[in-house]
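Here is the structure we will look at.
The values are calculated or read from the model by the stated rules, or taken from the named source; none is laboratory data. All values reported here derive from a predicted model rather than from experimental measurement. Note: ideal-geometry Cβ built from the backbone for every residue, glycine included; neighbour counts use all protein chains shown. When the accessible area is computed, the model is the full protein with side chains, heavy atoms only, and any ligands, DNA or RNA have been set aside. Shrake-Rupley method; radii C 1.70, N 1.55, O 1.52, S 1.80 Å.
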Amino acid sequence: MEFFTLLGSQYFLIPAFILLMAYYFFVRKNNWNGIRVAVVSLSSLCVMFGLKMLFRRPRPDMPLLHEVKGLSFPSGHAFMSFTFFGIVIYLIYKSRFKGWKRYLAVIIFILVTLLVGISRIYLRVHYASDVIAGFCMGFMWMVITLVILRQVENRRNLRFNKIV
């Protein structure tokens, strides 16, 4: 469970977001996907901390391994792992991967995300409601962000096509 908690921590997610952005900006030369990753990651972090400050719910009293600092609701691990693995799933779904490879990747990333949340409950550093709220809010925020970015991209392409 500590391994899955690590996959939802800043020690994994910050480098993972940076590497994913770098991959799309420099390797794939796909600026829009790089922008998607950057906007989802940075805005998710701000929203998650804002929600924690709004609700200010203390953590459970008896953690399994060691005391964890910070606030409990919503689970930052659940929120941020959902947005990270969610954007990865989105990018895989939109990529040229087809058939069983796409479905296998999606299933694996969904399972990893769920295990991150379960690990937080198992280690007694979050209540189940914290994790469920983190998943729900992470999902909603990722969808809202991707819809807004899609509209911006469509407007930009429309203006560019009128000029050309």
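Shape class for region 1-73, computed from the alpha carbon gyration tensor (a ≥ b ≥ c): oblate, with a/c not under 1.5 and a/b at or below b/c. What the phi angles of region 131-143 give under the Karplus curve with 6.51, -1.76 and 1.60, with θ = phi - 60°, is a coupling list of 5, 4, 5, x, 5, 5, 5, x, 4, 4, 5, 4, 5 Hz, glycine and proline written as x. The calculated FRET efficiency for residue 156 paired with residue 19, based on their beta-carbon distance and R0 = 30 Å, is about 0.70. Tally up the carbon and sulfur contribution to the accessible surface of region 41-164 as a whole percent, 1.4 Å probe, everything protein left in place. Summing carbon and sulfur atoms, their accessible area is 71 percent of the total for region 41-164.
Would you work out if region 96-149 is rounded, prolate or oblate? Take a ≥ b ≥ c from the square roots of the eigenvalues of the alpha-carbon gyration tensor; rounded if a/c is under 1.5, else prolate when a/b is larger than b/c, oblate otherwise. Verdict is oblate for region 96-149.
Residues in region 1-153 average 57 Å² of solvent-accessible surface per residue, probe 1.4 Å, ligands and nucleic acids excluded.
Using the rule -39500 (n - 2.57) for each DSSP H run of four or more residues, divided by the residues of the chain, the 222 nm mean residue ellipticity is -26000 deg cm²/dmol. Close amide H pairs (under 5 Å, H built 1.01 Å from N) link residue 124 with 64, residues at least 5 positions away or on another chain. Ranking 87, 99, 68 by Cα position along the charge dipole of region 38-134, where only Lys, Arg, Asp and Glu carry charges on their C-beta atoms, puts 99 farthest toward the positive end. A Förster radius of 30 Å, combined with the Cβ-Cβ distance separating residue 144 from residue 96, puts the computed FRET efficiency at roughly 0.70. Backbone geometry of region 100-112 corresponds, through the Karplus equation with coefficients 6.51, -1.76 and 1.60 at θ = phi - 60°, to 3J(HN,Hα) couplings of 5, 5, 4, 5, 4, 4, 4, 4, 4, 5, 5, 4, 4 Hz, x marking Gly and Pro. With a Förster radius of 30 Å applied to the C-beta separation of residue 124 and residue 49, the computed FRET efficiency comes to 0.85. The magnitude of the dipole of the chain, with charges of +1 and -1 set on the Cβ of Lys/Arg and Asp/Glu and taken from the Cα centre, is near 880 debye. Charge dipole of region 39-125 (Cα centre as origin; +1 on each Lys and Arg Cβ, -1 on each Asp and Glu Cβ, all else neutral): 300 debye, rounded to the nearest 20. Backbone phi angles across region 42-50, fed through the Karplus curve with coefficients 6.51, -1.76 and 1.60 (θ = phi - 60°), yield HN-Hα couplings of 5, 5, 4, 4, 5, 5, 4, 5, x Hz in residue order; Gly and Pro are listed as x.
Packing-based ranking of 73-84, 129-140, 50-61 yields 73-84, 129-140, 50-61, ordered from highest to lowest mean Cβ neighbour count within 10 Å.
With each label modelled as a point 7 angstrom along the Cα→C-beta vector, the residue 38-residue 2 pair spans 3.7 nm.
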